[in-house]
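Working notes, structure below.
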């Protein structure tokens with residue numbers, strides 16, 4: 001099943017800045033990565049504020065499944081300026097990640 005178009009998600013520059021500040025504060029650790037993975041600000045932002053929940057729930061993807069998809073999006077590289085926000089959040093890319101997660105684990 002292919003994902004229908006996801007609502008637009010403007011780039012959350014505040015979260016990117018917070019990740020950069022944490023990396024600067026702890027340069028010997030992947031603190032930016034830990035922030036993005038443990039606190040999950042981007043997952044919450046996309047799920048709740050951008051309205052991805054409704055679309056993905058209708059496709060059979062719940063919060064736990066979405067968390068797995070988000071972890072595959074390469075957010076650390078986005079936070080470090082090495083991946084483009086629009087590329088990692090476009091519907092085609094999310095659909096590909098959803099297919100990977102669906103093959104490897106249950107989403108519901």
* Asked: Of the residues that make up segment 88-107, is at least one modelled with pLDDT of 90 or more and either exposed (fewer than 13 other Cβ atoms within 10 Å of the Cβ) or touching a strand residue (DSSP E or B) at 6+ places or on another chain (Cβ under 7 Å) (or both)?
  -> no
* Structure fact -> Per the filter on segment 62-87, residues part of a loop (DSSP other than H, G, I, E, B) and modelled with pLDDT under 90 are 72, 73, 74
* Where in segment 1-55 are there helices (runs of 4 or more DSSP H), lying wholly inside it, with at least 1 residues that are without any contact (Cβ under 8 Å) to a residue 24 or more places away in the chain and farther than 24 Å from residue 102 by Cα? -> 13-25, 31-34
* To do: Note down all Cβ pairs under 6 Å where the first residue falls in segment 60-87 and is touching a residue at least 40 places away in the same chain (Cβ under 8 Å) and on the phi > 0 side of the Ramachandran plot, the second is assigned to a loop (DSSP other than H, G, I, E, B) and surrounded by 13 or more Cβ atoms within 10 Å (Cβ to Cβ), and they're at least six residues apart or on different chains.
  => none
* Filter segment 32-84 for residues that are within 24 Å of residue 22 (Cβ to Cβ), surrounded by 19 or more Cβ atoms within 10 Å (Cβ to Cβ) and more than 12 Å from the chain's Cα centre (by Cα) and give the result. => 32, 35
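The values are calculated or read from the model by the stated rules, or taken from the named source; none is laboratory data. Please read these numbers as outputs of a predicted model, since none were measured by experiment. Note that we place each Cβ from the backbone using ideal geometry, even for glycine, and neighbour counts take in every protein chain shown.
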